[in-house]
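Heads up: the structure comes next, in structure tokens.
The values are calculated or read from the model by the stated rules, or taken from the named source; none is laboratory data. Fair warning: this is a prediction, and the values are worked out from it, not measured in the lab. Neighbour counts run over all protein chains shown; Cβ positions are idealised from the backbone, glycine included.
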Amino acid sequence: MSKIEVNTIEPQCGTTVTVGKCTSTVAVPGNVIKSNALQASDAGNIVSQCGTTVTLGASGDTVSLASGASQSGFGRAGSVDWDTASIKTAGFSAVSGNGYFCNTNGGIFTVSLPAGSAGDIVALADYTRTFNTNNLTVSPNGSEKIGGVNADATLSVNGQSATFVYVDSTEGWINVQETQTSQTGVNPYIVATGGTPCSGAIVCTNYKVHTFTGPGTFCVTAAGAAAPCSGTGSNLVDYLVLAGGGSGGSSPANYGGGGAGAGGYRESPGTASGCYTASPLGTSPAVALSVPAQGYPITVGAGGAPLGNNAGTAGNSGSISTFSTISSAGGGGGGGTCAPGSAADGVAGGSGGGGGAVNGAAGAGNTPPAPVAQGMPGGLTPGPLHGGGGGGGATQAGAVQSSSSPGTDGKGGDGGTSSINATPTARGGGGGGGSHVNVGGGGQTGGAGGGTAGVTGTCQGTCAAAANTGGGTGGVHGGTPSSSGQGGSGVVIIRYKFQN
């Protein structure tokens with residue numbers, strides 16, 4: 001082997017010194033090459049040193065390990081590789097270095113931490129923001145600890161995330177980073193369930209209607225947002241809350257009981273969810289309601305129970321209906337007559353009951369008072385007439401019993417008509433007054449919207465008001481075995497915009 005010994009090799013021309021040719025292998029005895037920088041063919045630094053700092057790559061470069069290679073000595077900067085391909089819905093064993101999204105919407109489950117080595121790291125996050133309802137349990141391996149205690153940890157805040165790092169056998173896994181809130185996108189429209197149908201009937205293309213014919217819960221999962229100038233979004237609901245109607249009064253022979261009042265009728269103006277006409281009761285200061293995300297218990301009032309045959313007493317009042325801050329009072333029972341010359345007055349309520357014969361006073365409507373009157377008073381019975389006054393309706397007072405106006409005296413007051421469910425529907429009519437034949441007229445008609453006619457001896461206790469109309473039932477004509485009918489039950493209807 002030839003040997004050349006020189007102190008310096010310099011280029012003959014330019015600044016480039018070439019050792020070997022492109023197909024040659026140049027060996028360096030001792031495997032040591034000393035340089036402050038190793039550059040690529042484009043003159044960019046691959047490795048460079050300045051003082052005690054060694055830099056890999058240049059600005060804009062990507063430094064990566066070859067397939068199958070591994071790194072050591074760099075440590076972990078507290079980050080994890082988040083697993084977005086497999087959302088966890090049941091118990092599992094975590095692997096160090098990974099972060100997991102956990103969906104507890106279907107129920108609670110447990111995450112088992114691995115056997116810890118110093119520097120191991122595991123992160124967990126609430127995928128559906130349901131940790132408060134269904135907790136996530138975090139369990140250490142065997143006798144290892146979480147925060148110095150050999151016991152499970154619990155993540156119980158909606159939107160919570162936690163990052164656990166294993167430190168040593170004394171403290172075990174320590175939660176080094178935690179959040180307890182989660183920023184989410186805001187649905188500009190209300191999202192809710194409940195009533196019939198549960199998903200809400202779609203009317204006028206962009207609106208949903210939930211109808212409750214019995215008790216239930218209006219469940220709001222997204223509260224919506226106030227509509228900006230563009231008109232996109234809504235956070236208000238319109239409503240109709242109607243209470244149960246009362247039952248008519250009863251009297252002994254030759255006297256008529258008063259008709260029952262309709263259930264209290266409360267409605268918003270209808271401007272929040274558009275495309276329909278509210279009843280006359282949907283006026284200011286009534287307003288649509290905002291509904292923050294939560295459950296709203298719904299009460300639907302029952303109609304007043306019927307009276308027995310010839311009870312000689314006032315009828316039974318209906319029950320209240322409620323939604324959020326809105327409460328409608330049950331309709332007042334119709335007045336009765338205990339004995340000749342001893343009248344029972346109509347009962348106050350959402351709409352008042354009519355007075356019983358003879359000289360029975362009318363029950364007041366809108367009791368207790370609402371910002372917009374929820375119903376009208378009943379009609380009185382001036383002596384010595386033997387007929388009962390009409391029950392009050394949502395928009396019209398019950399008629400006074402008068403022998404001079406057969407066919408109109410003692411009529412129940414009319415209810416209100418609303419198109420909140422896209423179909424104009426009358427609800428909340430008062431019951432007609434009952435009467436002794438030829439003394440103050442026959443049993444009179446009920447008001448439009450569910451009220452029934454006064455009993456004349458032919459109904460035999462079957463004249464119940466239709467369900468979910470809030471109608472009052474007619475007063476009983478004495479002397480014939482008969483009883484007042486069951487008042488009509490109420491209804492709660494909620495309407496809102498769900499798309500633009």
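Side notes on the structure shown:
- Residues (crowded, with 22+ Cβ neighbours inside 10 Å, at pLDDT 80 or above and part of a strand (DSSP E or B)) located in region 405-464: 416, 418, 427
- All strands (runs of 3 or more DSSP E) inside region 319-364 with 2 or more residues being assigned by TED's automatic domain parsing to the domain that holds residue 379 and at pLDDT 90 or above: 321-323, 326-328
- The set of residues in region 97-115 that are buried (at least 16 other Cβ atoms within 10 Å of the Cβ) and either modelled with pLDDT under 95 or β-branched (Val, Ile, Thr) (or both) comprises 104, 111.
- Test: residue in region 182-192 that is in the same structural domain as residue 118 (by TED's automatic domain parsing) and not in a loop (DSSP other than H, G, I, E, B): no
Residues are listed down the side, and each one gets a yes or a no for (1) surrounded by 13 or more Cβ atoms within 10 Å (Cβ to Cβ); (2) more than 30 Å from residue 82 (Cα to Cα); (3) under 22 Å from the mean Cα position of the chain (by Cα); (4) of a type in the set (Ser, Thr, Tyr):
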site	(1), (2), (3), (4)
150	no, no, no, no
157	yes, no, yes, no
172	yes, no, no, no
195	yes, yes, yes, no
199	no, yes, yes, yes
209	yes, yes, yes, no
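- Residue in region 83-103 that is under 30 Å from residue 500 (Cβ atoms) and either in the same structural domain as residue 222 (by TED's automatic domain parsing) or of a type outside the set (Phe, Trp, Tyr) (or both) present: no
- Checked across region 87-95, the condition of being at positive phi, of a type outside the set (S, T, N, Q) and in a loop (DSSP other than H, G, I, E, B) holds for no residue.
- Evaluation of residue 158 against the conditions (1) modelled with pLDDT of 90 or more; (2) assigned by TED's automatic domain parsing to the domain that holds residue 110 shows that the sole unmet condition is (1).
- Any hit, region 195-210, residues being in a loop (DSSP other than H, G, I, E, B) and closer than 16 Å to residue 289 by Cβ: yes
- Restricting the search to strands (runs of 3 or more DSSP E) fully inside region 217-316 and requiring at least 1 residues that are among the acidic types (Asp, Glu) gives 236-242, 265-267.
- Top-ranked residue of region 135-148 - restricted to ones that are part of a loop (DSSP other than H, G, I, E, B) and at negative phi, ranked as surrounded by the fewest Cβ atoms within 10 Å (Cβ to Cβ): 143
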